[in-house]
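Taken together, the values in this text are just the output of simple stated rules run on the coordinates, not laboratory data. Given the structure is predicted, the values throughout are model-derived calculations rather than measurements.
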Amino acid sequence: MKIRLCTATGLAACALVWLSPATAQEQAYNIDPEHTFPTYAIEHFGVSMQQGRFNSTQGRIILNPAAKSGSAEIVVQAASVDSGVTALDRKLRGEEFFDATKFPRITYRASNVRFDGDRPVALEGELTMHGVTRPLVLEVSGFRCTTHPLAGGKRCGAQARGTVNRSEFGISRIKPPLLGEEIQLAINVEATLDVSN
């Protein structure tokens, strides 16, 4: 299950990577697909929270702390859903849930990044899932940047969190209390500074 919540060419959106406070100009970051995994949690039978993740995510984040502006795009491949249970993964990819053949991508696009001082604290954008687009604000925490100790180059990371109601995206065949209505989303993001431009 974005950032301008970063996806295949850009959920990727999608979440999330930023300039250091010291950088005054706009810079672009490419999401590292090997260290970025959107996760979800949903109530199961009213007794537990079941979690899973998506294994294929791409995206791009633009930040300008001096201007207090930015955007993000995060692109997630729906078929990469991973619950840890093979039979359930097949069901999640099917028509009852993500219908990954018909709707292969989950995309988050944020046109606005909200800052507190020099740090991004929220993304304001839209999530497209299962062929439906809805507004979604992702709260951002843990933003930090450093130089990669092995590969070199600037790298930033953060966590973005939000909630959606699955029925608003047309995923509603299995009703509560068998399966919860609210989905908790979390995107742990690492991204690298794009030095190609």
>> Student exercise: in the chain, how many lysine pairs 8 or more apart or on different chains have Cα atoms under 28 Å apart?
In response: 9
>> I need the phi-derived Karplus couplings for segment 142-147: 6.51 cos²θ - 1.76 cosθ + 1.60, θ = phi - 60°, integer Hz, Gly and Pro marked x.
In response: x, 5, 7, 10, 7, 8
>> Using only DSSP helix segments of four residues or longer, with each worth -39500 (n - 2.57), what per-residue ellipticity at 222 nm results for the chain after dividing by its residue count and rounding to 500?
In response: -1000 deg cm²/dmol
>> Can you give me the long-range amide H partners of ASP99? Hydrogens built in the peptide plane at 1.01 Å from N, cutoff under 5 Å, separation of 5 or more residues or another chain.
In response: GLY94
> Hey, what do the phi angles of segment 119-124 turn into as Karplus ³J(HN,Hα) couplings, whole Hz, using 6.51/-1.76/1.60 and θ = phi - 60°, x for Gly and Pro?
Replying inline: 10, x, 10, 6, 10, 10
> Residues with amide H under 5 Å of PHE143's amide H, sequence separation 5 or more or different chain, H placed in the peptide plane at 1.01 Å from N; which?
Replying inline: GLN159
>> Expected output is a single nm value to one decimal: the length gained when fully extending between THR133 and PHE103, i.e. 0.36 nm times separation in residues minus the C-alpha distance. What is it?
In response: 9.6 nm
